[in-house]
1. For the chain, what is the relative contact order in percent, using Cα pairs closer than 8 Å and at least 6 residues apart in sequence?
2. Say R0 is 35 Å: what FRET efficiency, to the nearest 0.05, do residue 40 and residue 99 get from their beta-carbon distance?
3. Could you give the nm distance between label points at residue 281 and residue 616, where each point is 7 Å from its Cα heading toward the beta carbon?
4. Over 17 Å apart: what share of the alpha carbon pairs of the stretch 337-382 falls there, rounded to a whole percent?
5. For the stretch 152-204, with equal point scatterers placed on the C-alpha atoms only and solvent neglected, what are the log10 I(q)/I(0) values from the Debye formula at q = 0.16, 0.19, 0.26 1/Å, to two decimals?
6. Got the relative contact order for the stretch 277-419 handy, in percent, Cα pairs under 8 Å and 6 or more residues apart?
7. Rank the residues 430, 308 as a footprinting-exposure proxy: fewest other Cβ atoms within 10 Å of their Cβ go first.
8. Would you mind checking the radius of gyration and Dmax of the chain based on alpha-carbon positions, in Å?
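Read-outs throughout are calculated quantities, based only on the coordinates presented, and are distinct from any laboratory measurement. It should be emphasised that the depicted structure is a prediction, and the values quoted were computed from it without experimental measurement. Note that each Cβ is placed from the backbone with ideal geometry, even for glycine, and that neighbours are counted across all protein chains shown.
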């Protein structure tokens with residue numbers, strides 16, 4: 001260090017002696033130590049600067065490349081001193097390596113490093129960079145163990161991450177009708193040093209047959225029964241007591257298997273239904289197998305099977321009529337039509353009558369009902385002179401009226417008879433279409449087994465079969481909430497779209513908001529603490545109130561829904577000013593964030609590399625609130641590991657790992673000697689917010 005100081009002082013004296021100042025405000029550059037300049041022996045006045053080029057391994061102090069003429073001469077002196085450098089030997093990268101061959105780097109120079117397969121930088125990238133600073137390298141490179149998105153077999157995950165760190169956990173859920181090897185429909189795997197701890201694979205659920213009544217004939221007989229399979233029953237000899245068929249579900253067979261009995265009893269008077277009534281003719285006595293159908297009174301919704309059956313002297317379970325509190329909003333407008341006199345509110349079951357203008361004809365049902373808070377489908381008003389005719393059917397039509405070649409007018413009706421049948425068929429022309437379509441093709445009625453007992457729902461004990469298209473609404477037990485559809489549908493002889501009854505989850509303390517608090521009138525501090533620190537049931541609602549000088553934005557409350565509070569309101573300044581703009585994942589604003597923004601101020605967002613913006617990049621402060629910010633969609637990451645599992649490669653790249661922006665397409669091809677597997681997705685697939693539906697190839 002002492003030698004360097006003496007060397008520097010000697011060079012300063014040398015250059016000072018070579019520099020000539022003509023007057024106090026002039027400088028002449030005679031010489032550059034360890035460097036050169038294109039402006040040697042030229043005169044410069046005060047405050048002018050000159051570019052200096054240093055030889056390799058040397059630089060001006062503080063990394064400058066110019067000197068300035070001052071009253072006291074050149075600043076800094078035109079001396080290039082030995083550069084401070086950084087050496088790669090000072091750094092070891094676990095599970096990674098430098099991608100450049102240079103061993104030393106000058107100040108401010110960057111070098112890149114690459115992580116080994118199965119490892120990434122701290123932010124999930126395949127490579128990173130560090131910079132040589134005056135104090136040494138800017139950071140210690142780090143390559144951490146990572147796992148790519150696994151290949152799900154008959155399963156899915158709500159996690160949209162494209163990579164996972166060591167010890168990260170990934171939850172998955174099996175598709176309906178499948179379970180994992182532990183007989184659970186949900187599971188989790190962990191990213192370990194050897195990759196994922198397990199495969200997120202699910203397998204078809206099987207239903208086993210219990211020991212049955214020996215008189216019960218079962219069809220079909222199979223080695224294995226999976227979800228969706230049906231079993232049909234008959235008794236030999238005797239009467240069947242119970243359903244004639246059952247279906248295999250992910251929770252087992254339902255309904256319960258029947259038995260056989262020599263003699264069966266009849267039933268007395270049908271049971272009364274609270275807020276409901278039977279449809280059809282009443283009888284004093286009902287035989288085994290007789291069916292009674294119910295309907296609910298207006299403003300009530302029927303839950304459970306709408307039919308009960310007499311089974312060996314007992315009636316199956318009654319449905320329930322539940323008050324439907326949802327009302328329908330304003331009447332929808334009907335083009336070229338109007339509604340007859342009606343008075344809101346419109347409750348479940350209420351109907352209104354629509355009519356068309358004088359020169360228009362109504363197509364469809366003129367009476368429209370309010371069903372569970374929604375209006376049923378409206379009719380149409382078609383100009384009477386534009387109504388379409390129906391073509392003459394290819395059947396032998398019965399009647400005195402001859403069919404015209406150009407067809408029959410709207411509202412005309414026909415009757416016909418099919419060969420070998422004594423029954424007549426009837427159809428009416430509705431604006432160019434026959435209703436129903438005239439046909440002699442026999443359509444066998446398709447039935448579903450009696451509806452299943454949904455776990456955690458009110459008891460459904462019925463033996464009645466249902467026709468294709470019929471629906472059954474489910475009512476969950478107290479403490480449970482209906483997830484998915486509210487009704488199951490009989491379709492193609494099987495019950496589909498089954499509702500789920502999920503246990504209600506409580507919420508912790510409600511969220512706090514800036515410049516406001518929960519509205520809790522006349523409560524002591526102890527009462528407030530109880531609200532803040534106790535759990536709250538599903539459906540609980542709290543309102544907020546803002547501090548002076550602030551006003552509530554949008555709705556003023558939050559609701560607990562399945563363990564999560566809805567988004568809380570914001571208290572905005574009454575002046576119309578806005579606070580800091582909202583943050584977005586994988587992106588940020590392009591300017592420095594301010595604590596307060598004036599009305600109509602705007603900011604712009606940008607996404608990180610490989611992320612694609614959805615929405616406008618510019619948002620504005622309006623009435624004290626920011627507009628909705630954009631979203632940065634995740635890129636898709638393709639790795640050699642995933643493609644090797646699927647026996648595929650990208651069609652137009654040889655990289656081991658590539659990034660595809662959301663919305664872009666990628667095309668795959670099979671490896672040599674492989675072909676597209678049965679049921680595989682298409683080879684050309686789209687990246688959607690970090691997710692790709694990979695095709696599969698097999699031998």
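1. This gives 5 percent for the chain.
2. Efficiency, from the Cβ-Cβ distance: 0.30.
3. Label-label distance for residue 281 and residue 616, simple model: 6.9 nm.
4. Distances greater than 17 Å cover 32 percent of the Cα pairs.
5. With no solvent term, the Cα-only Debye profile gives -0.43, -0.60, -0.99.
6. Value for the stretch 277-419: 15 percent.
7. Values: 430 16, 308 28.
The order, fewest Cβ neighbours first, is 430, 308.
8. For the chain, the Cα radius of gyration and maximum Cα-Cα distance read 39.6, 132 Å.
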